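Below is one structure, written out as structure tokens; comments come after it.
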Amino acid sequence: MSIKFGLMNHPRENILKEIELVRKLGFDFVEITMEWPGASPEILIKNKNKILNLLSKFKSKPIAHTWYIDLGSSYEHVRKGGISEAKKMIGISSLLKIDLINFHFYSSGLRPSLVKYRKEILTNIINSFKEIVRYAKSKKVKVMTENLAAHSEVTDFNDFKFVIDRVPNLKVHLDIGHAFIQHGMEGVKNYMFTFKDSLAHIHVSDNDCEEDEHLPLVKGKINFEQVAKWLKQINYDKTITFEVFTSKEDAKESMLKFKKMLDAK
């Protein structure tokens, strides 16, 4: 398996220092989270040449990660605003020679009284992603969407699949921790095997199956030895980012542990 392992920058820290630290820790690539205040689109553009120089030192291409944009809003000006922001981030990705960008599946909570409008919201998401994917193609950037952790709302497995099946060329970004919170290890397996052909990237962190804690591996309840076995079964050979928030050193230790699991026979 030729999986590449990466780490995200902390969006509240200096982007240049963050990229350099990720490289020094021995990761194959950096996943650039385009977030205010330390890595906003404006800051990325301002530091474009310096960032490109730092990124050239990695073994593998960077990935772009965006914060929550409401692509499902029934307020058309809000939805169009989200699409506009998405296009801006895609353009910046192209400038930074990034060819894979992530957008979260859905950002707004859906109150129980509004569940009957689920189909309308999903249709809005589909239409938004169709426009975003078309634009990204013109910039030679691929778009993926990340499954979320909520137990209900418009974020569950069937809703996610409903959108993926209806947006040509939209790739899947599997967050293991989010899938585990939704439906335990069976949820992780379901996402992994259902979307194995469109799976473009994976986020890894541990949790207690209640909150998205972003813990180091084996500090929560996820069976990562089983996750490693499933990845080998589907012949996954792309990228994994260790989204561990306790510290970058913990993320590196998690990477080393997971490498051993993947190497185990």
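The values are calculated or read from the model by the stated rules, or taken from the named source; none is laboratory data. Source: prediction; values computed, not measured. Don't worry about glycine lacking a Cβ; one is built from the backbone with ideal geometry, like all the others, and counts go over all protein chains shown. When the accessible area is computed, the model is the full protein with side chains, heavy atoms only, and any ligands, DNA or RNA have been set aside. Shrake-Rupley method; radii C 1.70, N 1.55, O 1.52, S 1.80 Å.
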Note on Leu21: of the conditions (1) of a type in the set (A, V, I, L, M); (2) more than 18 Å from Ser205 (Cβ to Cβ); (3) touching a strand residue (DSSP E or B) at 6+ places or on another chain (Cβ under 9 Å); (4) open to solvent by less than 30 Å² (accessible area, probe 1.4 Å), unmet is (4)
Restricting to region 65-110, give me the number of residues that are under 27 Å from Lys46 (Cα atoms) and among the hydroxyl-bearing types (Ser, Thr, Tyr). 5
If Tyr106 satisfies every condition in (1) touching a helix residue (DSSP H, G or I) at 6+ places or on another chain (Cβ under 8 Å); (2) in a helix (DSSP H, G or I); (3) under 25 Å from Phe162 (Cβ atoms) but one, which is the exception? (2)
Residue pairs qualifying under the 9 Å Cβ cut-off, at least six apart or on distinct chains, with the first in region 24-48 being free of Cβ contacts under 8 Å to residues at least 12 places away in the same chain and the second being surrounded by 21 or more Cβ atoms within 10 Å (Cβ to Cβ), are Ser40/Met34
For region 212-221, state whether one or more residues are closer than 21 Å to Phe105 by Cα, touching a Phe, Trp or Tyr at 6+ places or on another chain (Cβ under 6 Å), surrounded by 22 or more Cβ atoms within 10 Å (Cβ to Cβ) and at pLDDT 95 or above. no
I'm trying to understand the selection: among the residues of region 1-18, which are of a type in the set (Asp, Glu) and either touching a residue at least 40 places away in the same chain (Cβ under 8 Å) or buried (at least 19 other Cβ atoms within 10 Å of the Cβ) (or both)? Glu18
What are the residues in region 40-65 that are among the β-branched types (Val, Ile, Thr), over 19 Å from the mean Cα position of the chain (by Cα) and open to solvent by less than 70 Å² (accessible area, probe 1.4 Å), if any? Ile43, Ile51
If Thr246 passes every condition in (1) within 30 Å of Asn127 (Cβ to Cβ); (2) touching a residue at least 12 places away in the same chain (Cβ under 8 Å); (3) surrounded by fewer than 20 Cβ atoms within 10 Å (Cβ to Cβ) but one, which one does it miss? (1)
Count - residues of region 66-105 that are more than 23 Å from Thr123 (Cα to Cα) and open to solvent by 10 Å² or more (accessible area, probe 1.4 Å): 6
Given the conditions (1) surrounded by 16 or more Cβ atoms within 10 Å (Cβ to Cβ); (2) within 24 Å of Thr33 (Cα to Cα), and given that Asp237 satisfies all but one, which numbered condition is not satisfied? (1)
Only one of Val167, Val163 is in a helix (DSSP H, G or I) and either open to solvent by less than 60 Å² (accessible area, probe 1.4 Å) or out of contact with any Phe, Trp or Tyr (no Cβ under 7 Å at 6 or more places or on another chain) (or both). Can you tell me which? Val163
